[in-house]
1. Angle check, please: helix 392-405 long axis (alpha carbons) against the longest principal axis of the chain (alpha carbons), in degrees 0 to 90, nearest 10.
2. Provide the net charge surrounding G187, with neighbours chosen by a C-beta distance below 15 Å and charges set as Lys +1, Arg +1, Asp -1, Glu -1.
3. To the nearest 10 degrees, how steeply does helix 419-429 sit against the main Cα axis of the chain, on a 0 to 90 scale?
4. If the chain between H401 and K420 were fully stretched, how many nm would it gain, using 0.36 nm times the residue separation less the Cα-Cα distance?
5. Between S239 and R128, what is 0.36 nm times their sequence separation minus the Cα-Cα distance? Round to one decimal in nm.
6. Would you work out the relative contact order for segment 379-465, in percent, from Cα pairs under 8 angstrom that are 6 or more residues apart?
7. Over the chain, what is the relative contact order in percent, taking alpha-carbon pairs closer than 8 angstrom and at least six residues apart?
8. Counting only C-alpha contacts under 8 Å and six or more residues apart, can you give the relative contact order of segment 70-223 as a whole percent?
Amino acid sequence: MRMVFFPGAAHRKSFRRTPNDGARRATGDAVLTTGVPEAIFQPFANLNRAHGFMSAIQKIKGFADMFGEDSRAFTRMESVARDIFTRYGFGEVRIPVLERTELFAKGIGEDTDVVGKEMYTFTDRGDRSLTLRPEATAGVLRACIEAGAVEPGKPSRLFAFGPMFRYERPQKGRMRQFHQIDAELLGSPEPQADVEVILMLRDYLEELGIGDLSFELNSLGCRECRPHYRAALTAYFESLDEEKLCEDCRRRMKTNPLRVLDCKVPGCKAMVEKAPAIADHLCAGCRDHFSAVLSLVSRAGLAYTLNPRLVRGLDYYQRTTFEVTSGAIGAQTAVAGGGRYDGLVQQLGGPDAPGVGFACGMERLALLMEKQEAPRPDFFLAVTDTREKSGAVDAAILLGHKLRLRGLSGECDYEPGSMKSRLRRAGKLNVKKCYIIGPEEFDAGKVTVKDMEEGGQLSLDIAAFD
Ligand code: HAM
């Protein structure tokens, strides 16, 4: 059971998780990601009712707030990404969360679940159909094309963070608003580009301290060889009893038979066991490309599994696809996924530039990360001069300002109190030093600095901090 961090909360104990939380999580109601957010608002609602306050407005199902430890985990994921990705020559791009719907329809594919069932689409006041981005690749490419930043043969390396939106059934690790760290390398068709992107992902996950992950790789062929494979697959499915496939797969058989391969429904899984494998249908170019990727990945010491059923849920992939999975986070096992998407830039109106990239799901990574401790504050400025309007609080605020200008972190009292209560507060905040301004200190222009680690204390002139 984890205490919820909520600064200044007078009713801290009531923020513990209730026995109901498991049930709420299972139904996806007030979904949590790493465990904290839902615990906050439910007790608040109860508190508000108990005190006769107006009922608090609650967040949308499948969306989460983040405090304390969860927030720190996200900050760490972002700063480690900046560090590792910069070493690979990637620069950060910031793109809008809202795009024209046609970008995703064209880019991701009308027949995908993402476009067909999961997008948050609406008509704006100017009668335009807009969509909250369900992923970042299409938006990054749109931005680069618009800025003239894609040139075949001159790779651009970009990464982006941010919220994505998919109307899926919420559960552990699956949110309607979730966050991705996305990286795209545009302009190179070479297998070495795929490998660099995969190695960058591996380095990143290692630096975050996340182990026990499986790297799965596949090649989906290209515009030349995939149609032959598709035909072989369709013929195979037609030779079977169609009724044994789920309703979605009966439709997919006609629109995109490759998607049947990664259906999780047990009946469909059994049906695809003997399906033709794409590896047997790759053209010579795709075979050579994929074996160059595998050979270099092995030479870099990355253990991987070949997964001929790895087709990914977005239509733009060509050749290499990959996914990183974990068995430790429940049913939603994929923590990252990506691949090559030659042809997509052109399809979106840009030059004929190839590309390869990946995205990590930040909520899923957070489930695998070690607890992120709060940084320990340097000081707490305690005012124990309780004389009315003595000016000691003002002196503390001004001293706190000077300490922060020297690079120290900490907080000041606004309310004077007894030494006992102030030291208790300093202990709770786990500060390194407690600066005390009592009546004697204030009158003498001094501050007592108590070392909370070693136990000693000394008296200093406040003016010495100027
Ligand atoms: P994706 O596999 O759809 O790929 O998503 C990437 C990652 O986002 C997943 O592996 C998962 O960790 C996370 N994710 C997806 N949906 C959810 C959700 N509803 N809740 C929580 N996490 C989720 C893409 O989005 C591609 N754009 C990746 C890419 C970049 N390919 C090439 N470049």
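The numbers here are math on the coordinates, done by the rules we state, and not lab data. These numbers were taken from a predicted model, which means no experiment stands behind them. Glycine gets a Cβ as well: all are built from the backbone with ideal geometry, and neighbour counts include every protein chain shown.
1. Its long axis makes an angle of about 40 degrees.
2. -4
3. Between helix and principal axis, roughly 10 degrees.
4. Difference between extended and current length: 4.4 nm.
5. Here the answer is 35.5 nm.
6. Result for segment 379-465 is 34 percent.
7. 14
8. Here the relative contact order equals 24 percent.
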